[in-house]
Amino acid sequence: MPTVEPHEQFIEVAGAQIHLLKGGQGKPLVIFHSVEGNLGWRSYHRQLAQDFTVYAPTLPGFGLSQRPPWLETFADLTRFSLWLVQELGLQKVSLLGHFIGGWLAAEVAVVCPQMIERLILVDAAGIQPQQGEIADIFLHGQEGTKRLVYFDPQQMPEYQELFGRKPTPEEREIQVQNQENAIRYCWKPYMYDRSLPWLLPRVHLPTLIVWGREDQIVPLECGELYRQAIPESRLAVIDRCGHCPPLEKPEEFTRLVREFLQGAS
Amino acid sequence: MFLMRFTERAYVAYSEEDVKNSFRSAVRLTFSNSHFNPDLGADLYHEYLDEYEYSDEIGFDGLMLNEHHNTPTCMGAAMNLEAAILARTTKQAKIILLGNPLPIFDNPVRLAEELAEIDMISRGRLVSGFVRGTGIESWATNTNPAHNRERFAEAHDLIIKTWTTPGPFRWEGKHYQFRVVNPFERPLQKPHPPVWIPGVGSPETIVWCAHHHYPYIYLETDPQVTLDLMAIYAKAAREVGYEPGPQNFGYLVRIHVQDTDEKAYKVGEGFLVGNAGVGRVPLPGDFMTPPGYNSREATKKLLEQYRHALRPDPLYGGVDAAGWEKVVESNRVIVGSPDTVIKKVRQVLSALRPGILGVWTNDGTISHKDTMRCLQLMEKEVLPALKEMGKEFNLPGPFEQAP
């Protein structure tokens with residue numbers, strides 16, 4: 001059984017030190033985190049690392065990763081992320097992203113599809129819904145957003161570990177920094193790129209779209225819009241699950257991802 | 001000493017329940033404008049303008065206005081409009097805008113034009129203050145809070161250049177780009193209308209202000225804390241080679257006068273629902289300061305530098321959260337008969353030595369009738385005494401001595 005614990009390191013990208021967790025073995029899988037930043041090596045990382053080499057970078061400006069001063073917009077973040085993958089020394093990767101990480105993965109796929117083997121978008125931002133709205137997590141504040149994110153926190157195996165205690169001052173500082181960073185990149189237009197749906201049809205990549213049926217942040221409608229825009233995609237909806245399938249339903253989530261990625265071998 | 005009169009122009013025809021039922025129980029930003037009655041609003045605008053015009057007649061040196069958005073606590077959502085009216089209808093007093101929230105303007109050149117018009121219509125009576133705005137202003141105008149300070153600084157530089165450099169010129173900044181900056185109407189005052197900066201003590205702003213020789217107006221900060229903040233200004237001023245005096249400092253304080261102490265104490269309590277709104281329901285912290293609004297690294301650095309010199313506000317939560325008795329006891333709101341008020345203001349002036357005194361005469365539920373009586377009493381007894389006090393304590397204002 002390969003090791004599933006990560007190695008922590010920093011790599012330099014565009015002059016910035018970028019924090020990276022890397023673990024497992026097999027084909028490379030790069031995971032872009034959501035607005036709350038890199039929550040560490042979670043159970044879904046461990047499970048996926050049994051079959052893949054998982055790279056979990058902390059995006060610039062979040063957590064321990066530096067943000068180059070010129071990096072201000074989501075478009076900047078997209079181009080930076082291409083460089084980041086290049087610095088990982090990888091020719092071709094599978095890419096998985098959740099919420100803004102999913103949006104980022106979709107943007108990267110649009111700009112450089114030849115770099116990607118398979119694409120996994122999880123409750124991803126990036127497309128403006130036609131009916132509903134993407135909930136304004138900034139306006140709801142941290143506590144209000146927390147109430148919207150999970151369908152049933154009791155079913156989350158890692159809930160206590162992640163949220164069962166008051167954050168230390170250092171952790172609180174990083175939370176504020178992450179919120180500030182998310183605001184910097186995603187303030188306006190809020191959580192979507194108007195041109196993205198028009199560009200996604202060029203992404204001829206096997207694509208898995210995963211959505212929690214009860215997502216109250218990004219409506220399921222957006223999952224359907226992604227499915228319609230990406231030619232070789234399919235949408236898998238997880239029942240009794242909110243916005244965060246990797247944490248709320250890690251077993252079901254990793255099973256879906258593993259099966260999809262192993263279809264590539 | 002320069003005496004200016006202020007009110008936030010509150011709207012109070014709603015209930016605490018209304019506030020509690022709004023999104024995140026906030027009196028600002030998300031408090032529904034369905035609670036606003038334009039008929040009443042029309043009356044209030046006229047009353048507030050009448051009060052300012054009367055303040056001009058009775059000898060205030062300045063009429064101070066401010067601007068906030070999405071809130072019943074301040075009806076000055078388009079402060080420059082009120083300023084333009086007063087520019088035409090008043091005769092003597094300076095029109096003190098404290099201030100235009102620069103980061104929320106996508107077109108600072110247009111703002112430079114508006115202010116130039118006000119300066120000309122008032123025949124050179126404009127004082128153009130600039131602010132970053134509270135976080136609410138960023139939310140309400142969808143201005144990225146992470147760019148607040150950068151936009152403030154760049155918009156300021158662009159406006160000053162627009163006023164002082166013959167056009168046309170081109171501006172290619174980080175947040176603003178203009179092909180042809182050349183507004184035809186330029187301000188009457190040379191090199192440009194005076195700039196004053198109000199605030200509640202962000203060290204970063206105070207240092208910036210001192211470096212620009214701009215007077216800083218402390219907005220009803222605790223007197224001891226104000227002294228600490230003045231020391232930050234003074235240190236920064238010395239760094240660039242000058243010694244600041246009273247002309248570099250202003251202090252805004254709520255002062256309400258009635259015929260008797262008892263009546264003033266009773267009426268003055270209406271101040272408490274001014275800034276805080278009816279019911280004084282605490283605002284969500286991230287509405288006032290969203291993440292990114294304060295540049296954390298710069299703030300941390302400055303706070304570390306001045307931590308030894310900065311005391312916390314002894315009124316926990318400030319005036320808006322404290323009880324009326326405590327607020328009055330600590331001179332954070334001064335109420336009383338003319339004699340009482342004169343004595344209390346004397347204590348404040350001798351301790352803080354500002355060259356500018358902002359007299360916040362009324363707010364919240366204080367009625368127009370009570371406000372007019374307050375102003376009448378100020379004319380007869382308080383203003384002459386304060387002017388004498390300014391001379392006695394040698395407190396030159398910025399028009400007597402250049403900051």
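Scanning the stretch A:43-62 for residues that are open to solvent by less than 20 Å² (accessible area, probe 1.4 Å) and part of a loop (DSSP other than H, G, I, E, B) returns A:58, A:59, A:60, A:61, A:62. Checking the structure you have, find out if any residue of the stretch A:78-90 is free of Cβ contacts under 8 Å to residues at least 12 places away in the same chain, touching an Asp or Glu at 6+ places or on another chain (Cβ under 9 Å) and either closer than 30 Å to residue A:219 by Cβ or outside any helix (DSSP H, G or I) (or both). Checked the stretch A:78-90: no residue is free of Cβ contacts under 8 Å to residues at least 12 places away in the same chain, touching an Asp or Glu at 6+ places or on another chain (Cβ under 9 Å) and either closer than 30 Å to residue A:219 by Cβ or outside any helix (DSSP H, G or I) (or both).
Restricting the search to the stretch B:346-376, which residues are more than 30 Å from residue B:233 (Cα to Cα) and open to solvent by 10 Å² or more (accessible area, probe 1.4 Å)?
Those that are more than 30 Å from residue B:233 (Cα to Cα) and open to solvent by 10 Å² or more (accessible area, probe 1.4 Å): B:365, B:366, B:367, B:368, B:369, B:370, B:372, B:373, B:376.
Of all the residues in the stretch A:93-136, those that are of a type in the set (Gly, Ala, Ser) and within 9 Å of the chain's Cα centre (by Cα) number 5. One residue alone among B:394, B:362 is touching a residue at least 12 places away in the same chain (Cβ under 8 Å) and on the phi > 0 side of the Ramachandran plot, and that residue is B:394. Could you look through the stretch B:247-300, keep only residues that are farther than 30 Å from residue B:143 by Cβ and of a type in the set (S, T, N, Q), and pick out the one that is nearest to the other protein chains (Cβ to nearest Cβ)? The selected residue is B:247. All conditions but one from (1) under 20 Å from the mean Cα position of the chain (by Cα); (2) free of Cβ contacts under 8 Å to residues at least 40 places away in the same chain; (3) not in a helix (DSSP H, G or I) apply to residue B:91; the one that does not is (1). Here the stretch B:1-47 is the region considered, the condition is being open to solvent by less than 20 Å² (accessible area, probe 1.4 Å) and in a helix (DSSP H, G or I), and the residue that is farthest from the other protein chains (Cβ to nearest Cβ) is B:41.
Within 14 Å of chain B (Cβ to nearest Cβ) and out of contact with any Gly (no Cβ under 9 Å at 6 or more places or on another chain) - does that describe any residue in the stretch A:85-108? No: zero hits.
Look through B:241, B:199 and report the one residue that is of a type outside the set (Asp, Glu) and under 22 Å from residue B:321 (Cα atoms). Outline the logic, then answer.
On the way: B:241 fails: under 22 Å from residue B:321 (Cα atoms).
Answer to the selection: B:199.
Pick from the stretch A:138-171 the residues that are among the hydroxyl-bearing types (Ser, Thr, Tyr) and over 26 Å from residue A:190 (Cα atoms): which of them is farthest from the other protein chains (Cβ to nearest Cβ)? Write out each step before concluding.
Taking the stretch A:138-171 as the starting set, the residues that turn out to be among the hydroxyl-bearing types (Ser, Thr, Tyr) are A:145, A:150, A:159, A:168.
The next check asks that each one be over 26 Å from residue A:190 (Cα atoms); those that pass are A:159, A:168.
Numbers: A:159: 24, A:168: 17 Å.
If we take residues in the stretch A:138-171 being among the hydroxyl-bearing types (Ser, Thr, Tyr) and over 26 Å from residue A:190 (Cα atoms), then A:159 is farthest from the other protein chains (Cβ to nearest Cβ).
Scan the stretch A:172-221 residue by residue and report those that are more than 14 Å from chain B (Cβ to nearest Cβ), open to solvent by less than 20 Å² (accessible area, probe 1.4 Å) and under 20 Å from residue A:75 (Cα atoms). Within the stretch A:172-221, A:196, A:200, A:203 qualify.
Scan the stretch A:10-37 for residues that are open to solvent by 40 Å² or more (accessible area, probe 1.4 Å), assigned to a loop (DSSP other than H, G, I, E, B) and of a type in the set (S, T, N, Q) and the total you get is 1.
The values are calculated or read from the model by the stated rules, or taken from the named source; none is laboratory data. Since this is a predicted model, take the numbers as computed values, not measurements. Heads up, the Cβs are rebuilt from the backbone with ideal geometry, glycines too, and the neighbour counts pull from every protein chain shown. SASA here: full protein model, heavy atoms, side chains in, ligands and nucleic acids out. Shrake-Rupley method; radii C 1.70, N 1.55, O 1.52, S 1.80 Å.
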